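See structure below.
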Amino acid sequence: MVTAWPEPVERVSSFLRSAGAEARIEEFPEGTPTAADAAAAVGCGLEQIVKSLVLVCDERVVVALVPGDRRGDTRKIARAAKAARARVASADEVRRATGFGPGAVAPFPLPNVDVVLMERSLLQHPVVWAGAGSPRHIVGLAPVELRRLTRARPMDVVEDSPYDSTQTPKES
């Protein structure tokens with residue numbers, strides 16, 4: 001028996017079809033709540049997972065596409081958006097801007113987002129994996145296709161040091 005995808009995943013799938021995109025949506029019933037979980041599920045490196053970070057830069061909503069092994073740099077993102085400052089969007093702001101719930105934001109379609117920034121290091125991979133509208137669905141596609149579909153500007157939007165979840169914070 002074939003069951004329908006949740007509405008947000010169907011919205012992503014419909015967008016991909018109408019754009020003529022070469023992409024593949026996968027479902028993982030156990031979920032992919034973290035970048036590490038997503039990488040393990042698809043069998044790729046953490047750097048091939050795309051986190052869709054939703055930020056408010058002054059009063060504008062901006063989405064930054066960041067590799068799973070890195071943290072977004074709010075100062076760089078604000079500067080790229082020509083804003084004085086950037087902050088992480090609240091759950092309600094995420095829903096209003098993207099149409100997706102926090103933790104399930106797909107990089108497309110984004111009805112109320114006019115600026116998408118993409119960490120340029122994502123372009124070095126043959127395939128990257130991004131959220132597809134639910135915590136159980138991800139989409140695999142070439143990074144150049146991701147850039148085309150999101151109309152993202154590739155640039156440096158991450159902190160200088162790679163994120164290491166095994167490190168403990170340094171004491172002052």
Item to complete: Find all pairs meeting these conditions: Cβ atoms under 9 angstrom apart; at least six residues apart or on different chains; first residue within the stretch 2-30 and of a type in the set (A, V, I, L, M, F, W, C); second residue open to solvent by 100 Å² or more (accessible area, probe 1.4 Å) and in a loop (DSSP other than H, G, I, E, B).
Response: LEU16/GLU22
Worksheet item: Which members of the stretch 116-161 meet the condition of being free of Cβ contacts under 8 Å to residues at least 40 places away in the same chain and not charged (D, E, K, R)?
Response: LEU123, GLN124, PRO126, PRO143, VAL144, PRO154, SER161
Worksheet entry | Members of the stretch 87-100 that are open to solvent by less than 30 Å² (accessible area, probe 1.4 Å) and in contact with a helix residue (DSSP H, G or I) (Cβ under 9 Å, 6 or more places away or on another chain) | ALA89, PHE100
Worksheet item: Since ALA104 meets every condition but one in (1) open to solvent by less than 20 Å² (accessible area, probe 1.4 Å); (2) at pLDDT 95 or above, which condition does it not meet?
Response: (2)
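Residue-by-condition table, conditions (1) more than 26 Å from SER18 (Cα to Cα); (2) outside any strand (DSSP E or B); (3) hydrophobic (A, V, I, L, M, F, W, C):
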residue: ASP92; (1), (2), (3): yes, yes, no
residue: PRO109; (1), (2), (3): no, yes, no
residue: VAL113; (1), (2), (3): no, yes, yes
residue: GLY140; (1), (2), (3): no, no, no
residue: VAL144; (1), (2), (3): no, yes, yes
Item to complete: Starting from the stretch 40-59, keep only residues that are closer than 17 Å to GLY101 by Cβ, then list their pairs with residues that are open to solvent by 30 Å² or more (accessible area, probe 1.4 Å) and among the polar types (S, T, N, Q) whose Cβ atoms are within a distance under 8 Å, requiring at least 6 positions of separation or different chains.
Response: LEU55/THR74
Item to complete: Can you confirm whether the stretch 109-116 contains a residue that is out of contact with any Cys (no Cβ under 8 Å at 6 or more places or on another chain) and open to solvent by less than 10 Å² (accessible area, probe 1.4 Å)?
Response: no
Worksheet item: Would it be correct to say that ALA84 is open to solvent by less than 20 Å² (accessible area, probe 1.4 Å), assigned to a loop (DSSP other than H, G, I, E, B) and hydrophobic (A, V, I, L, M, F, W, C)?
Response: no
Worksheet entry | Breaking point among (1) under 15 Å from MET155 (Cα atoms); (2) free of Cβ contacts under 8 Å to residues at least 24 places away in the same chain, for ARG95 | (1)
Discussion item. Every residue in the stretch 16-42 that is within 16 Å of the chain's Cα centre (by Cα), part of a helix (DSSP H, G or I) and not aliphatic (A, V, I, L, M), please.
Written reply: ASP37
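Find the residue count for the stretch 5-64, including only residues that are polar (S, T, N, Q), over 23 Å from GLN124 (Cβ atoms) and open to solvent by 50 Å² or more (accessible area, probe 1.4 Å).
Initially, the stretch 5-64 is screened for residues polar (S, T, N, Q), giving 13-14, 18, 32, 34, 48, 52.
Now restrict to residues that are over 23 Å from GLN124 (Cβ atoms): 13-14, 18.
After this cut, where a residue has to be open to solvent by 50 Å² or more (accessible area, probe 1.4 Å) as well, the list is 14, 18.
Within the stretch 5-64, residues that are polar (S, T, N, Q), over 23 Å from GLN124 (Cβ atoms) and open to solvent by 50 Å² or more (accessible area, probe 1.4 Å) number 2.
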Fill in: Test result for VAL63, of a type in the set (Val, Ile, Thr), within 20 Å of VAL12 (Cα to Cα) and at pLDDT 95 or above
yes
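Does the stretch 65-79 hold any residues that are outside any loop (DSSP other than H, G, I, E, B) and either crowded, with 21+ Cβ neighbours inside 10 Å or not basic (Lys, Arg) (or both), and which are they?
LEU65, VAL66, PRO67, GLY72, THR74, ILE77, ALA78
The values are calculated or read from the model by the stated rules, or taken from the named source; none is laboratory data. Because the structure is a prediction, the values reported are computed rather than measured. Heads up, the Cβs are rebuilt from the backbone with ideal geometry, glycines too, and the neighbour counts pull from every protein chain shown. When the accessible area is computed, the model is the full protein with side chains, heavy atoms only, and any ligands, DNA or RNA have been set aside. Shrake-Rupley method; radii C 1.70, N 1.55, O 1.52, S 1.80 Å.
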